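These notes concern the structure reproduced below.
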């Protein structure tokens, strides 16, 4: 077991170093800084509730930056190994296909974590600058626990999408089809709660519909990301929910990641590399 872990860690380090060599993090951090700097110029146009507007904007920049990483770096890295033939080179070494898939996911997850930590530190500093620059009536509270919760929830959502990208790359050849499938997956996950709420209101009005049950079961395939979204509580003085209440959405997200990774590894084991 220790030998397997060492092989996974070794390949994951190669993926991390490759991402650093391609300046994936540097470019995205510069992009995020440009977006934050541009947004700071417009905060004077908000007459009230500057805290909520600024926190929403900063977390949106963080989400957009991570989404770009997932779609335009992770997808390419997963596809390049097959397109350039390096996948055959990796598997010619004493490493199994399961170890290769887990190392690929682990390396990209480390890069994604580093990106989120850097942007989170920058975002916390910017929020404190804004809070100290305006009157307290416009920015009354800034909750550090909810800031960490929001960052953790955002990272878990990105990890779920990364696992699905790995699954798609194990089934479909080529970066462009994987990119399209990943976009369709994301838009389905974000749109499904709206559709489900619409059918729920119709059922409450007396219109029974069997589609409501189907839409509820589809959550197992297309999870509701809103359960991991805490950004609206960052500029408030609300109390942090009990640990058991917080553990449930993170535990379900972790279980979802494990299942998707298991499916991806199973497909890699049966995949024809030719």
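Yes or no: residue 235 modelled with pLDDT under 90 and outside any helix (DSSP H, G or I)?
Yes; evaluated as a whole, the condition is true for this residue.
Of everything in region 41-52, what is surrounded by 15 or more Cβ atoms within 10 Å (Cβ to Cβ) and either assigned to a helix (DSSP H, G or I) or at pLDDT 80 or above (or both)? Give them in sequence order.
43, 50, 51, 52, listed by residue number.
Being within 30 Å of residue 264 (Cβ to Cβ), surrounded by fewer than 20 Cβ atoms within 10 Å (Cβ to Cβ) and modelled with pLDDT of 85 or more is true for just one of 90, 67. Which residue is that?
After ruling out the rest, the residue left standing is 67.
From the residues in region 217-226 that are free of Cβ contacts under 8 Å to residues at least 24 places away in the same chain and assigned to a helix (DSSP H, G or I), which one is farthest from residue 184 (Cα to Cα)?
217
I need the full set of residues from region 129-148 which are assigned to a loop (DSSP other than H, G, I, E, B) and more than 24 Å from residue 229 (Cβ to Cβ), in order please.
Answer for region 129-148, where residues must be assigned to a loop (DSSP other than H, G, I, E, B) and more than 24 Å from residue 229 (Cβ to Cβ): 134, 135, 136, 137.
Specify the residue that is nearest to the chain's Cα centre (by Cα); the eligible residues are those in region 165-178 that are within 18 Å of residue 261 (Cα to Cα) and in a helix (DSSP H, G or I).
165
Does residue 252 count as in a helix (DSSP H, G or I), at pLDDT 90 or above, surrounded by 14 or more Cβ atoms within 10 Å (Cβ to Cβ) and out of contact with any helix residue (DSSP H, G or I) (no Cβ under 7 Å at 6 or more places or on another chain)?
Criteria met by residue 252.
Residue-by-condition table, conditions (1) surrounded by fewer than 22 Cβ atoms within 10 Å (Cβ to Cβ); (2) closer than 21 Å to residue 25 by Cα; (3) touching a residue at least 60 places away in the same chain (Cβ under 8 Å):
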site: 122; (1), (2), (3): yes, yes, yes
site: 145; (1), (2), (3): yes, no, yes
site: 185; (1), (2), (3): yes, no, no
site: 198; (1), (2), (3): yes, no, no
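Can you name the residue in region 233-265 that is without any contact (Cβ under 8 Å) to a residue 40 or more places away in the chain and over 23 Å from the mean Cα position of the chain (by Cα) and is also nearest to residue 147 (Cα to Cα) among such residues?
239
If you check residue 258 against the conditions, is it in a helix (DSSP H, G or I) and out of contact with any helix residue (DSSP H, G or I) (no Cβ under 9 Å at 6 or more places or on another chain)?
No: the conditions fail for residue 258.
Could you list, ordered by first residue, the pairs with Cβ atoms under 8 Å in which the first is in region 64-85 and farther than 15 Å from residue 172 by Cα and the second is modelled with pLDDT under 75 and not in a helix (DSSP H, G or I), at least 6 apart or interchain?
Taking only residues 6 or more apart or on different chains, the pairs are 73/22.
Residue by residue, here is whether (1) in a loop (DSSP other than H, G, I, E, B); (2) modelled with pLDDT under 70; (3) in contact with a helix residue (DSSP H, G or I) (Cβ under 8 Å, 6 or more places away or on another chain); (4) within 14 Å of residue 162 (Cβ to Cβ) holds:
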{"residue": "17", "(1), (2), (3), (4)": "no, no, no, no"}
{"residue": "28", "(1), (2), (3), (4)": "no, no, yes, no"}
{"residue": "39", "(1), (2), (3), (4)": "no, yes, yes, no"}
{"residue": "54", "(1), (2), (3), (4)": "no, no, yes, no"}
{"residue": "76", "(1), (2), (3), (4)": "no, no, yes, yes"}
{"residue": "99", "(1), (2), (3), (4)": "no, no, yes, no"}
{"residue": "118", "(1), (2), (3), (4)": "no, no, yes, no"}
{"residue": "122", "(1), (2), (3), (4)": "no, no, yes, no"}
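The values are calculated or read from the model by the stated rules, or taken from the named source; none is laboratory data. Owing to the predicted nature of the structure, the values given are computational and were not obtained by experimental measurement. Methodologically, a virtual Cβ is constructed for each residue, glycine included, from the backbone with ideal geometry; neighbour enumeration extends over all protein chains shown.
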